[in-house]
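The values are calculated or read from the model by the stated rules, or taken from the named source; none is laboratory data. What you are looking at is a predicted structure, and each value in this text was computed from that prediction instead of being measured. Reconstructed Cβ throughout: ideal geometry from the backbone, glycine too, with neighbour counts over all protein chains shown. The accessibility values were calculated without ligands, DNA or RNA, using every heavy atom of the protein model including side chains. Shrake-Rupley method; radii C 1.70, N 1.55, O 1.52, S 1.80 Å.
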Amino acid sequence: RSVGLRVEAFASAQEFLRRPRPEVPSCLVLDVRLPGLSGLDLQKQMAEGDRDMPIIFITGHGDIPMTVQAMKAGAVEFLTKPFRDQELLDAVHQALARDRHARAQRAEMAALRRRFDTLTPRQRDVLARMVAGLLNKQIAGELGTSEATVKTHRKQVMAKMRAESLADLIRIADQLGLLPPKS
């Protein structure tokens, strides 16, 4: 609070889990030892429940295996008591930046999915063949339609997906997981 951050305290992991995820960039400063569910168990449960939030662990009872476990599971920092206030503030700012970035990525993916959802089934067929590298003539042959119709669908796909080039469309398709796996 002394540096202008909004802070919320919870008496237990269960109390924290009952609260909805904040709608603003946030992080969790978490002690390893908690009543009931341990900090490491809470981290695991959050990951399994798709409740992603950057975590900073603090503890007076840490050991190397515990630190490794927390960091492998994605913790931003693992601070052992006593630690300097600045170390915690630096970790919090790093965690908030990470959450801000993750939120921006999720928003971008949601926007791409919404754009993809506006495509008709035929436009999706054309998109799949465009990103596979087929020419208009080849797409028309596979879909049993004319090249002029394919050109119209291509234009609509590019407009709806807001792609400025074929390379841009391929990048978007890759982000959406529409490209076949690379061998």
Filtering segment 156-179 down to residues that are more than 23 Å from the chain's Cα centre (by Cα), closer than 12 Å to R115 by Cα and of a type in the set (A, V, I, L, M, F, W, C) yields V157, M158, A159
The condition of being part of a loop (DSSP other than H, G, I, E, B) and either under 30 Å from A75 (Cβ atoms) or in contact with a helix residue (DSSP H, G or I) (Cβ under 7 Å, 6 or more places away or on another chain) (or both) holds, among L127, L119, only for L119
Listed by first then second residue, the pairs whose first member lies in segment 35-63 and is over 30 Å from A104 (Cβ atoms), whose partner is of a type in the set (D, E, K, R), with beta carbons under 8 Å and at least 6 positions apart or on separate chains, are T59/D31; T59/R33; T59/K81; G60/K81; H61/R33
Reported set for segment 125-143 where residues are touching a Leu at 6+ places or on another chain (Cβ under 9 Å) and open to solvent by less than 10 Å² (accessible area, probe 1.4 Å) is V126, L127, M130
Considering segment 12-21, residues that are without any contact (Cβ under 8 Å) to a residue 12 or more places away in the chain and closer than 25 Å to L89 by Cβ, and then whichever is nearest to the chain's Cα centre (by Cα), we arrive at R19
